[in-house]
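The values are calculated or read from the model by the stated rules, or taken from the named source; none is laboratory data. Since this is a predicted model, take the numbers as computed values, not measurements. Cβ sites come from the backbone with ideal geometry, for glycine too, and all protein chains shown count toward neighbours. Heads up: the accessible areas ignore ligands, DNA and RNA and are worked out on the full protein's heavy atoms, side chains in. Shrake-Rupley method; radii C 1.70, N 1.55, O 1.52, S 1.80 Å.
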Amino acid sequence: MIVRVTRTIVESLDAPSPEDAAAVEGAAATVDAIIADIQAAMCRIRAAGSRRLLEQGVSLAHMHVLWLLEDQGPLPMSRIAEALDISLSNATGLVDRMEERGLVERARVPQDRRVVIVRPTDRGRSVMDELELLRQSHMERILRHLDPVQLAGVRRALDDVRAAYVAEGIGGGT
């Protein structure tokens, strides 16, 4: 009898109340909606930037490599192929085209001449800077539609999100 009572108490502690279950479902739906909205907004901003870059002969594959290099620094060809999940020969062809457009340069590692390191050129960094300015411009125009109270709310929410991703070990505090 005591075992059953104990089990019932434990089960009732583990089982959420109907109100708690509804709150969890509501929170999950809110998270899903936020993710969808952020993805849609970022997709629109990326699409606007992509059109502009394509006019300059810079493809999304080129941008992916430049973002990779920006994030991780100069990389060997093998690491680029691995990060893009493509063969080394395909990565070589991609980097060849980027080099022809002046976006990246290759250098051999003095200690091991077999290893080829890829790094962005001044033009590659300039393309990245231009894309970032375009994104900032879009975000500024969007945020200008909000009043000061709404902006303060966005700021608080972003501070909370930043604290959460730092707690998850995803990134630094900046």
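Considering the chain as a Gaussian network with a 10 Å cut-off on Cα pairs, which listed residue, V65, V149, V127, attains the greatest mean-square fluctuation?
Judging by the Gaussian network model, the answer is V149.
Give the separation of the Cα centroids, the stretch 97-111 to the stretch 115-174, in Å.
After rounding, the separation between the Cα centres reads 28 Å.
Could you compute the FRET efficiency for R125 and D159, with r as their C-beta to C-beta distance and R0 at 25 Å, rounded to 0.05?
Values: r = 30 Å, r/R0 = 1.19.
Here the calculated transfer efficiency is 0.25.
Averaged over all directions, how much area does the convex hull of the C-alpha atoms of the stretch 123-172 cover when projected, in nm²?
Details: hull surface 18.1 nm².
Computing the convex hull of the Cα atoms and averaging its projections yields 4.5 nm².
Counting only heavy atoms of protein chains, what accessible area per residue, in Å², does the chain have with a probe of 1.4 Å?
On the way: 12370 Å² over 174 residues.
With the other protein chains kept in place, the chain gives 71 Å² per residue.
For the chain, state the semi-axes of the equivalent ellipsoid (square roots of 5 times the eigenvalues of the alpha-carbon gyration tensor), sorted largest first and rounded to whole angstrom.
On the way: eigenvalues 409, 134, 41 Å².
Each semi-axis is the square root of five times an eigenvalue, giving 45, 26, 14 Å.
Ignoring any ligand, DNA or RNA, what whole percent of the accessible area of the chain comes from carbon and sulfur when the probe is 1.4 angstrom?
On the way: 7210 of 12370 Å².
That fraction is 58 percent.
Rounded, prolate or oblate: which fits the stretch 42-116, taking a ≥ b ≥ c as square roots of the Cα gyration tensor eigenvalues, rounded meaning a/c under 1.5, else prolate when a/b beats b/c? The partial results should precede the final answer.
Values: a/c = 2.24, a/b = 1.94, b/c = 1.15.
It comes out prolate by the Cα gyration axes.
Quick check: residue separation of S137 and A61 times 0.36 nm, minus the Cα distance between them. What number comes out in nm?
Numbers: separation 76, 0.36 × 76 = 27.36 nm, distance 2.32 nm.
So the chain would gain 25.0 nm between S137 and A61.
Given the Cα-Cα distance of D85 and R46 and 0.36 nm per residue of separation, how much length would full extension add, in nm? It would help to have the intermediate numbers written out before the result.
Details: separation 39, 0.36 × 39 = 14.04 nm, distance 2.16 nm.
Contour length minus the Cα-Cα distance gives 11.9 nm.
Between rounded, prolate and oblate, where does the stretch 82-126 land on the alpha carbon gyration tensor, with a ≥ b ≥ c its root eigenvalues, rounded for a/c under 1.5, else prolate if a/b exceeds b/c? Mind showing how you got there, number by number?
Details: a/c = 2.01, a/b = 1.12, b/c = 1.80.
Oblate, since a/c reaches 1.5 and b/c is not below a/b.
Could you give the dipole magnitude of the stretch 49-128 about its Cα centre, charging the beta-carbon of Lys and Arg +1 and that of Asp and Glu -1, in debye to the nearest 20?
Values: 12 positive and 11 negative charges, 32 e Å.
With only Lys, Arg, Asp and Glu charged at Cβ, the dipole is about 160 debye.
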